[in-house]
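Please read the structure below before turning to the comments.
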Amino acid sequence: METQIEKKKHITLEELREHNSPSDLWIFIHDKVYDLTHWIRDHPGGGIPLLNLAGQDATDPFTALHPPFAWKHLDRFFIGYHLSNNQISDLSKDYQLPISDFTKLGLFEQKGHVILLTLFIIFTLFSIAVFFIIGTTSLYAHVAAGILIGFIWTQSGWVAHDTGHATVMLTPWFNRITQLFYANCLTGVSIGWWKRTHNAHHVACNSLDFDPDLQHIPIFAVSNELFNTLTSYFYERKMRYDTIAKTLISHQHWTFYPVMCFASLNLSAQSIVLLLWNKNVPNIFQEILGVMVFWVWYSYLVSFLPNNGERLLFVGACFIVTGIQHVLFCLSHFSTSVYVGQPQGDEWCKVQATGSLNIRCLPWMDWFYGGIQFQVEHHLFPRLPRCHLRRIAPLVRELCKKHKLQYPSVDFCEANRRTLATLKDIALKARNMEVSGPGIWCGML
């Protein structure tokens, strides 16, 4: 009788994998099986990460992406089962140790002064930019104002990125206000859209059919696998390699930097589309109001310029400067290893390390990169405030060395060279590939 009861409390990994749909979604975390079927819609990180890990061991991604208080919420989803044949890899064991150490040291709670200093700089530069527009008639001052606004958008993006991953302000409420102000109101990009996309990226890093950050058809392709009409499980549609895609991708190593100059427009457009379609965006009224605030103040500021020529120069300067940030996003992943298929929870650590590229820089340049120069560290420990990433880099390097994982770390010029080489290689292959017919495009930059 005891044996029968014990068997009822355990399921095999094969049985767990059967529960992998939106209507029947189980995951395994630290020796327990949880039924999250009814949590998909209300999950703060969106339903997509849960669907991507359905029927799997999600211990490592859960630990990486959730603060300790999230464990308390798990109990209500526990269905009494344990995994009978679970084998934890040595890499996973070694990965969990520093998370425990960082928690004991309080690193996840020590925010540093980077955010407050950045907020002060943004406020100061914004005031100067407004004065240049309203208080002067100089063409050079107006272009300089555009450059300042572009720089402000870049730094605001880093602040939004920080607040999206963790509570970096004093309270969750203050953190939310900061998100809305620096993402929606200052840059016109919905923080709700960003969270939905970015969480999917972190869970499915460099999966060609699950990671939205690599789905840029018809503009760019980072692998010839994208010529095979893959399905985007994020955008829920086919990514067809048609005539237009072939033409654009065949020259992508030449168009990369020009496209990056105006990539912010794509983010704003995708934000608006998501908010209009209302794909279960939390606090959607706040999101819409914030984006509206951006377009009101930005349009009003542009209206102070004396003629359309200066308005065009101002707007162009804003977007071109912000394009540097989008280049940095692409440098982090475009030239690293990619794969086709659903992300595997038990391979999560390995994929985060091999799918990311670090950019070496001097400590005084950390503000410029916003923390993503330590892309490997950030992907392994996304909740860790950026002020600690340089400190933990040697530990991550040793972890990768011990488990024979790549730890790519190059300077800015080499990162650009590798990205352009990848784009050129795929461009040359694209010219010899047959198109697959008309289709719907998708992607973000």
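Nothing in this text is a laboratory measurement; each read-out follows from the coordinates by a stated rule. Since the model is a prediction, treat every value here as computed from it, not as a measurement. Cβ: placed from backbone, ideal geometry, glycine included. Neighbour counts: every protein chain shown.
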Calculated on alpha-carbon atoms, Rg and Dmax of region 44-124 in Å:
17.3, 59
What distance in nm lies between label points placed 7 Å from Cα along the C-beta direction at Leu276 and Thr229?
2.9 nm
List the aspartates and glutamates whose Cα lies under 15 Å from the Cα of Lys429, skipping any in the same chain that are fewer than 8 positions away.
Glu225, Asp242
Give me the percent relative contact order of region 335-445, please, defined on Cα pairs under 8 angstrom at least 6 residues apart.
28 percent
Extended-chain gain in nm, criterion 0.36 nm per residue less alpha-carbon gap, Gln406 and Asn20:
135.9 nm
The chain: relative contact order from alpha carbon pairs under 8 Å, six or more residues apart, as a whole percent, is 22 percent
Hey, rough spin-label estimate for Thr171 and Asp101, points 7 angstrom out along Cα→Cβ, what's it come to in nanometres?
3.6 nm
Calculate one ³J(HN,Hα) per residue across region 307-324 by plugging θ = phi - 60° into the Karplus curve 6.51 cos²θ - 1.76 cosθ + 1.60, and present them in order as whole Hz with x for glycine and proline.
8, 5, x, 5, 5, 5, 5, 5, 4, x, 4, 4, 6, 5, 5, 5, x, 4
At R0 = 30 Å, how high is the FRET efficiency between Arg311 and Ile121 if r is their beta carbon distance? Nearest 0.05 is fine.
0.70
Report the full-extension gain for the segment Trp364 to Lys9: residue separation times 0.36 nm, less the Cα-Cα distance, to one decimal in nm.
122.3 nm
On the principal axes of its Cα set, how long, how wide and how thick is region 13-86? Give whole Å, largest value first.
29, 24, 20
Given Lys350/Lys401; Lys9/Lys93; Lys9/Lys32, which pairs have Cα atoms separated by over 21 Å?
Lys9/Lys93
Once both label points are put 7 Å beyond Cα along the C-beta direction, the Val296-Glu236 separation in nm becomes 3.2 nm
Relative pair counts by distance (%), Cα atoms of the chain, 10 Å bins:
4, 19, 30, 27, 14, 4, 1, 0, 0
Picking from Gln352, Ile88, Trp158, whose Cα lies most toward the positive end of the charge dipole for the chain (charges on Cβ: Lys, Arg +1; Asp, Glu -1)?
Trp158
Restricting to Cα pairs below 8 Å that are 6+ residues apart, what does the relative contact order work out to for region 13-86? Please round to a whole percent.
42 percent
